[in-house]
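S.K.: To start, I am sharing the structure in question, which I have written as structure tokens.
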């Protein structure tokens, strides 16, 4: 089927993008076949001078949940155990995850990488989307992550391997369906017990190396949860391909990043509410708040150093941490601009073509170019003047489907507090 989108201004997502005014995009069978100056005599979908940008790419998503604020943080291990306890509850759990990925798509995120989930739900949804049986974005899956007993998120979205053989066995089994392998090297803010130590080492160097060697032997890349300088050092030394979150980085660690070719995936969204909001609002505690401040400062400074040094930096939200919803990827771009001081054009590139390069799908998506899939967002105003225009897109196009003025269920509490924080940053 052929479709023509006319009278539109394009920001194509490439590194050196410039605004292409009054353009016309022709799509055939879900692929972009032509981009040229608007022809008023050509029939098509008149976009009224709106703006077209590539669909956003979120490199750090957990699908089991909404991220909506709760008065008290739940025990994820108990909840996951219950959901996976029988066939009926697994169907309910899968439905929750399906709603999550549909929300991602309707909010303008057309590719996600899941980095720790329930069983093989994420790969299952990837296949359903591919067959046209589920409304959702392109999914690059990790399925359940792996760590040690007592490691980060062990018993919920991560499996606790008991010994070396268990690590190898789990990774080989996971690799049969998953696209990447996720490991949890350090602890995190939500499970830290000491102030100033959000990333306590949980896996040792030999275990990290074993995981990387096993995954790489199966042609799978490895992403790793890391929230401390020591964790970054071990991850880089052992061959991790993308480091999630990060920490305060020394000049030497930045050099190691550059040498290794690994990517840093910046996740500002989960640290902001835990660091900046009262624990009574987030359902957290003072230790989490203190450690979130440490982590937020580390991510900001580490991201700035890596970008300056030419290290590959990607973007993700860490949905479903408290206040981190499935529809707010645009906030991550705005945080990158306001907290890290990165110009909006670069932020848009990082969240589109650059993110696509990190996960190896840049031949298909990430930019608005002839030959690539039709995966883009239409918004009312210029995103380079403010990414909040993405929060209510005029249209989301995913291959051969159009979602005009899509609506998703939002949390009034999250919107109010997060908007208030952004307003403070802009003041």
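Readers should treat all values here as calculations from the given coordinates under stated rules, not as data from a laboratory. Just so you know, these numbers come straight off a predicted model, no measurement behind them. Quick reminder, even Gly has a Cβ in these numbers, built from the backbone with ideal geometry, and neighbours come from all protein chains shown.
S.K.: How long are the three semi-axes of the equivalent ellipsoid for region 287-427, computed from the Cα gyration tensor as the root of 5 times each eigenvalue, in whole Å, largest first? The partial results should precede the final answer.
M.R.: Numbers: eigenvalues 131, 87, 39 Å².
Here the semi-axes work out to 26, 21, 14 Å.
S.K.: If you don't mind, another one. Quick check: convex hull over the Cα atoms of region 1-66, volume per residue in Å³, rounded to an integer? Mind showing how you got there, number by number?
M.R.: Numbers: hull volume 8.9 nm³, N = 66.
Expressed per residue, the convex hull around the Cα atoms of region 1-66 is 135 Å³.
S.K.: Just for region 56-358, what percent of DSSP beta bridges are antiparallel, to the closest 5? Mind showing how you got there, number by number?
M.R.: Numbers: 1 of 29 bridges.
The answer is about 5 percent antiparallel.
S.K.: Mind jotting down a quarter of the surface of the convex hull over the alpha carbons of region 67-167, in square nanometres, one decimal? Working shown, then result.
M.R.: Values: hull surface 30.0 nm².
The number I arrive at for region 67-167 is 7.5 nm².
S.K.: Rounded, prolate or oblate: which fits region 334-415, taking a ≥ b ≥ c as square roots of the Cα gyration tensor eigenvalues, rounded meaning a/c under 1.5, else prolate when a/b beats b/c? Before the final figure, lay out each step's value.
M.R.: Details: a/c = 1.85, a/b = 1.11, b/c = 1.68.
Oblate, because a/c is 1.5 or more while a/b does not exceed b/c.
S.K.: Rg and Dmax of the chain over Cα atoms: what are they, in angstrom?
M.R.: Just the Cα atoms of the chain yield Rg and Dmax of 20.7, 68 Å.
S.K.: Quick check on packing: order 235-246, 198-209, 112-123, 401-412 by the mean number of other C-beta atoms within 10 Å, highest mean leading.
M.R.: Values: 235-246: 24.5, 198-209: 20.0, 112-123: 26.2, 401-412: 13.6.
Per-residue Cβ counts within 10 Å, averaged per peptide and sorted highest first, yield 112-123, 235-246, 198-209, 401-412.
S.K.: Right, here's the next one. Compute the relative contact order of the chain as a whole-number percentage, counting only Cα pairs closer than 8 Å that sit 6 or more residues apart in sequence.
M.R.: Values: 1010 pairs, mean separation 83.3, N = 427.
Rounded, it is 20 percent for the chain.
S.K.: When the scattering of region 214-315 is computed by the Debye formula from its Cα atoms alone, each counted once and equally, what is log10 I(q)/I(0) at q = 0.16, 0.20 Å⁻¹?
M.R.: One equal scatterer on each Cα of region 214-315 leads to -0.67, -0.92.
S.K.: Could you work out how far the C-alpha centroid of region 356-370 sits from that of region 203-224, in angstrom?
M.R.: After rounding, the separation between the Cα centres reads 26 Å.
S.K.: Gap in Å between the Cα centre of region 226-262 and the Cα centre of region 21-73?
M.R.: 33
S.K.: How much mean residue ellipticity at 222 nm does the chain get from its helices, if each DSSP H run of length 4 or more adds -39500 (n - 2.57) and you divide by all residues, to the nearest 500 deg cm²/dmol?
M.R.: -11000 deg cm²/dmol
S.K.: If you split all Cα-Cα distances of region 142-273 into 5 Å bins from zero, what percentages do you get per bin, shortest first?
M.R.: Percent of Cα pairs in each bin: 2, 12, 22, 25, 20, 12, 6, 1.
S.K.: Mind ranking 290-296, 341-347, 363-369 by how tightly packed they are, going by the mean number of other C-beta atoms within 10 angstrom, highest first?
M.R.: Numbers: 290-296: 22.9, 341-347: 17.0, 363-369: 20.9.
Per-residue mean Cβ counts within 10 Å order the peptides as 290-296, 363-369, 341-347.
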